[in-house]
1. How do 36-45, 254-263 rank on mean C-beta neighbours within 10 Å, highest first?
2. If I model a spin label as a point 7 Å beyond the Cα along the Cα-Cβ vector, how far apart are those points for Asp203 and Lys135 in nm?
3. For Ile103, which sequence-distant residues (separation of 5 or more, or a different chain) have an amide H within less than 5 Å of its own amide H, given hydrogens modelled in the peptide plane?
4. From the cross-link list Lys123/Lys180; Lys143/Lys174; Lys276/Lys302; Lys65/Lys188, which pairs have alpha carbons spaced over 19 Å apart?
5. Could you work out how far the C-alpha centroid of region 127-173 sits from that of region 226-292, in angstrom?
6. Full-extension gain between Asp128 and Val88, please, as 0.36 nm times their residue separation minus the C-alpha to C-alpha distance.
7. Check Phe94: other-chain or 5+ apart residues with amide H under 5 Å from its amide H, H built from backbone geometry?
8. Once phi is turned into θ = phi - 60°, what whole-Hz ³J(HN,Hα) does the Karplus curve with 6.51, -1.76 and 1.60 give for every residue of region 139-150, x standing for Gly and Pro?
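Values quoted throughout were computed directly from the atomic coordinates according to the rules given, and no laboratory measurement underlies them. Computed from a prediction, not measured in an experiment: that's the story for all the values here. A quick note on method: Cβ atoms are made from the backbone with ideal geometry, for glycine too, and the neighbour counts reach across all protein chains shown.
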Amino acid sequence: MQLKQTTVLFIFLLFSSTVFSQEGKNDMLFEQAGYHFPYQLTRPAKDWKLPKKLVEISGLSYVDKHRIACVQDEKGSIYVFNVKKEEVETKIDFGNHGDYEGIEIVGNDAWVLKSNGTLYQVKDYLKDKNTVVKKYKTGLSAKNNAEGLAYDAIDRSLLIACKGYPFVNEEDEKNAKSFKAIYRFDLKSGELDTKPFLLIKLDSIKQYKHYNVMTLLGIELLAFFDTSEGDVSFQPSAIAIQPFTGNLYILASVGKSLAVFSKQGKMLSLVRLNSKIHAQPEGICFSPDGTLYIANEGKDGKGIILKFEQNR
């Protein structure tokens with residue numbers, strides 16, 4: 001066991017140092033012909049340092065011009081952060097301690113995702129009365145390690161991004177390390193479509209990142225030692241839908257990149273994130289006018305929300 005742990009640590013350090021040597025720029029790894037990525041992720045228009053209670057911010061959702069709803073890893077609470085006052089103006093408790101990873105505001109309700117795949121519907125979350133919470137078991141599990149949540153207004157559904165094992169069933173075990181998956185939860189039926197809405201091919205991600213042989217070997221070994229986490233080249237930590245295009249923006253804290261896919265599943269771009277700006281990117285959302293917000297955990301300090309405006 002000790003040898004295994006030592007080997008994993010060695011490979012992790014090898015992988016980390018290789019990635020670090022490639023950073024320093026927010027560069028375009030891939031861009032589909034005819035598509036132009038509309039944000040400059042090295043130049044936030046504004047940033048907000050978060051209070052200590054949100055040092056482990058893990059998800060965010062746009063509320064209105066001055067407010068963003070947030071969750072953090074450990075507590076079953078929704079924090080409404082006022083960007084004008086630069087403070088948490090409201091805290092809504094809805095559950096016990098746990099690993100909460102995503103939040104989406106749908107009408108008057110807040111939907112919160114736990115890493116084991118459970119969804120919490122917090123009804124009329126901003127009203128000053130007893131919180132009404134409904135839980136949904138989606139069929140995803142801790143092995144899937146659900147981390148990202150996005151609302152699709154056209155299909156009236158929630159999209160769930162899985163950081164870990166990509167399939168609901170284990171019948172495709174041999175292919176598991178080759179993919180990461182996005183699932184669709186229908187709000188009308190209250191059920192998850194067990195067929196992936198989108199499968200991300202990790203070989204394509206690695207191809208565009210131009211890893212060297214040693215790094216590729218390290219990635220394979222890590223996937224072998226931890227099958228639930230699998231390939232570490234791109235592990236989704238958040239997902240959002242761009243309001244004008246309908247494109248999916250998938251953030252990866254592990255792998256330090258942002259991928260854009262069309263709703264038809266075509267990859268449009270892959271951007272490497274500068275670790276000096278995006279220390280641990282865990283949350284992403286859009287305002288109705290297309291402004292992009294990315295939240296970073298406070299790796300060695302305070303959590304932060306960054307604002308990015310579209311290129312003009």
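1. In descending order of packing, they fall as 254-263, 36-45.
2. Each label point lies 7 Å from its Cα, and together they span 4.1 nm.
3. Correct list: Leu60, Leu113, Leu149.
4. Cα-Cα > 19 Å for Lys123/Lys180; Lys65/Lys188; rest within.
5. Region 127-173 and region 226-292 have Cα centres spaced 17 Å from each other.
6. Full extension of this stretch gives 12.8 nm more.
7. The answer is Ser77, Ile78.
8. x, 6, 9, 4, 5, 6, 6, 5, 10, x, 9, 9
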